[in-house]
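S.K.: Encoded as structure tokens, here's the structure I'll be asking about.
The values are calculated or read from the model by the stated rules, or taken from the named source; none is laboratory data. Remember, it's a predicted structure, so these values are computed and weren't measured experimentally. Glycine gets a Cβ as well: all are built from the backbone with ideal geometry, and neighbour counts include every protein chain shown.
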């Protein structure tokens, strides 16, 4: 099904937007894709006659939501971030329920239509006790009594976090002789350092005995084990990842992505900072800032414990079931 994507970049000035010829061209082209998608979606909805439309956002949801509204199909939206995405803001005006990943006071939706469900996460993620953390470390081949730092910038990695880690890891390992570090660099995209390049950089900057204390990988299907084993996590401010860390009750240093549309990571980070649930560094943070904060937290277990406890307050372990119940309830109401 064709669909049109509206490209915009958080923090971009009006002048920069108006002079970005490539983006203007792509947005103009995709307007016609949206019209074509609306036509296709209307035919599809007419054929399958759904009881409900559920939107998690994304530009593909716009033609489907518009077509559903035209055919009288009720819509349920769900937003993981504190800032609703553009797609849900467009079709959400006709939604019967707005399910939210964060507390309802952070959304501008009509209050009587908001249901705070939390964010569905990997079913393998569970609260981490001291014994479970020790079991994860042993399973991953890490000393059970050694502190572990996890750095992860999301599935595609985060170039900034990767470069910061290359700068601070040699000094962290030098002053923390028992520290183990796991650096998940992401699968990478064009223009970013590859896993092999990052490994080579560590090899050239670390003594052999220190290099043995760092694990580097592009991706893992057992991420919950690494985050569960961690004593401190350096991460972006994606809502789903933070929801997992909240359930596991983890201390986190958050470096939000600043150029993502809508600035949703910045808003997520600001909310959690107000709750004293994470430590936030600005998107343009330098290596000295990260080194200082990381060192302070590694040497202060009581601060990490308080942060983790505060973050755990937003955990919603039954989010998937609660969200499914909302969708099914509205679907039943629409059946003849």
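S.K.: What are the residue pairs meeting all of these: first residue in the stretch 84-109, first residue farther than 13 Å from residue 57 by Cβ, second residue modelled with pLDDT under 95 and surrounded by 19 or more Cβ atoms within 10 Å (Cβ to Cβ), Cβ atoms under 6 Å, and 6 or more apart or on different chains?
M.R.: That search, which allows pairs on different chains as well, returns 102/82; 106/82.
S.K.: Same structure again: Given the condition at pLDDT 90 or above and either assigned to a loop (DSSP other than H, G, I, E, B) or surrounded by fewer than 18 Cβ atoms within 10 Å (Cβ to Cβ) (or both), answer yes or no: does some residue in the stretch 146-155 qualify?
M.R.: Filtering the stretch 146-155 for residues at pLDDT 90 or above gives 146-152.
Pick out the ones that are also either assigned to a loop (DSSP other than H, G, I, E, B) or surrounded by fewer than 18 Cβ atoms within 10 Å (Cβ to Cβ) (or both) and you get 146-147.
Within the stretch 146-155, one or more residues are at pLDDT 90 or above and either assigned to a loop (DSSP other than H, G, I, E, B) or surrounded by fewer than 18 Cβ atoms within 10 Å (Cβ to Cβ) (or both).
S.K.: Of all residues in the stretch 287-327 being outside any helix (DSSP H, G or I) and without any contact (Cβ under 8 Å) to a residue 24 or more places away in the chain, which is farthest from residue 127 (Cα to Cα)?
M.R.: Filtering the stretch 287-327 for residues that are outside any helix (DSSP H, G or I) and without any contact (Cβ under 8 Å) to a residue 24 or more places away in the chain, the one farthest from residue 127 (Cα to Cα) comes out as 299.
S.K.: Hey, any hits in the stretch 255-269 for a residue that's within 30 Å of residue 175 (Cα to Cα) and in contact (Cβ under 8 Å) with a residue 60 or more places away in the chain? Reasoning before the result, please.
M.R.: First, pick out the residues of the stretch 255-269 that are within 30 Å of residue 175 (Cα to Cα): 255-257, 269.
From what is left, the residues that are in contact (Cβ under 8 Å) with a residue 60 or more places away in the chain are 255, 257.
Yes, the stretch 255-269 contains at least one residue that is within 30 Å of residue 175 (Cα to Cα) and in contact (Cβ under 8 Å) with a residue 60 or more places away in the chain.
S.K.: Being farther than 28 Å from residue 122 by Cβ, buried (at least 19 other Cβ atoms within 10 Å of the Cβ) and in contact (Cβ under 8 Å) with a residue 60 or more places away in the chain is true for just one of 164, 172, 179. Which residue is that? Before the answer, list the steps.
M.R.: Numbers: 164 fails: farther than 28 Å from residue 122 by Cβ; 179 fails: farther than 28 Å from residue 122 by Cβ.
Going through 164, 172, 179 in turn, the sole match is 172.
S.K.: Can I ask one more? Here are 306, 279, 273: which of them is surrounded by fewer than 20 Cβ atoms within 10 Å (Cβ to Cβ) and either over 26 Å from residue 83 (Cβ atoms) or touching a helix residue (DSSP H, G or I) at 6+ places or on another chain (Cβ under 9 Å) (or both)?
M.R.: Details: 279 fails: surrounded by fewer than 20 Cβ atoms within 10 Å (Cβ to Cβ); 273 fails: either over 26 Å from residue 83 (Cβ atoms) or touching a helix residue (DSSP H, G or I) at 6+ places or on another chain (Cβ under 9 Å) (or both).
Of 306, 279, 273, the one residue that is surrounded by fewer than 20 Cβ atoms within 10 Å (Cβ to Cβ) and either over 26 Å from residue 83 (Cβ atoms) or touching a helix residue (DSSP H, G or I) at 6+ places or on another chain (Cβ under 9 Å) (or both) is 306.
S.K.: Right, something else. Going residue by residue through the stretch 232-243, is there one that turns out to be at pLDDT 95 or above, in contact with a helix residue (DSSP H, G or I) (Cβ under 7 Å, 6 or more places away or on another chain), buried (at least 24 other Cβ atoms within 10 Å of the Cβ) and over 16 Å from residue 168 (Cβ atoms)?
M.R.: The answer is yes, given that some residue of the stretch 232-243 is at pLDDT 95 or above, in contact with a helix residue (DSSP H, G or I) (Cβ under 7 Å, 6 or more places away or on another chain), buried (at least 24 other Cβ atoms within 10 Å of the Cβ) and over 16 Å from residue 168 (Cβ atoms).
S.K.: Scan the stretch 156-170 and give yes if some residue there is within 18 Å of the chain's Cα centre (by Cα) and more than 26 Å from residue 296 (Cα to Cα), otherwise no.
M.R.: yes
S.K.: Related question: When the stretch 72-93 is examined, which residues are found to be in contact with a helix residue (DSSP H, G or I) (Cβ under 6 Å, 6 or more places away or on another chain), surrounded by fewer than 21 Cβ atoms within 10 Å (Cβ to Cβ) and at pLDDT 95 or above?
M.R.: 74
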